[in-house]
Amino acid sequence: MKKLLTLAFLLGLIAAQSAQAHAILVKSTPAKEETLKEIPSRIDLWFDDNVGPKYTALAVVNSDGQRVDNGDGDLEMMDKSHLFATLKELTPGRYGVRYRVQSADGHIVTGKFFFTVAP
Ligand SMILES: [Cu+2]
């Protein structure tokens, strides 16, 4: 019985934490480590929760570290869990994506991943 109560207590703690956990990147196009045959004209990121407009940043850089996004990274008007930016004309190569958003709980979430444009 005591064990069960402890378990229930722990599960309750986990539920309480996840209710105010920070936003997690759940999906993107291009996807992490994806190799694209067609040149993408934009990048889209989706989080598991709405994120705030403050501190929002999204950058795509080529292997020389030069930015190839148009600097227009923004949250979609009707879906605040969706961050996107348009891209300059990419050439084949490997690209890095860096993002920063503010979760509903106030925490800043940053991340990085790569994708490749095939020759
Ligand atoms: Cu948090």
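The values are calculated or read from the model by the stated rules, or taken from the named source; none is laboratory data. In this text the structure is predicted, and so the values were computed from the model without any measurement. Every residue, glycine as well, gets a Cβ built from its backbone with ideal geometry; the counts of neighbours run over all protein chains shown.
Figures for the structure shown
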{"quantity": "Pairs, first at positive phi in region 104-119, second within 16 Å of the ligand (Cβ to nearest atom) and assigned to a strand (DSSP E or B), C-beta under 9 Å, six or more apart", "calculated": "Gly106/Gly52"}
{"quantity": "Hits in region 103-119 - residues which are closer than 18 Å to Ile24 by Cα and out of contact with any His (no Cβ under 9 Å at 6 or more places or on another chain)", "calculated": "Thr110, Gly111, Lys112, Phe113, Phe114"}
{"quantity": "Search result, residues across region 79-108 that are within 16 Å of the ligand (Cβ to nearest atom) and touching a Ser or Thr at 6+ places or on another chain (Cβ under 6 Å)", "calculated": "Arg100, Val101"}
{"quantity": "Number of positions in region 1-43 that are away from the ligand (no atom under 14 Å from the Cβ) and either among the small types (Gly, Ala, Ser) or at pLDDT below 95 (or both)", "calculated": "18"}
{"quantity": "Subset tally (residues that are surrounded by 13 or more Cβ atoms within 10 Å (Cβ to Cβ) and either assigned to a strand (DSSP E or B) or touching a Lys or Arg at 6+ places or on another chain (Cβ under 8 Å) (or both)) for region 75-93", "calculated": "10"}
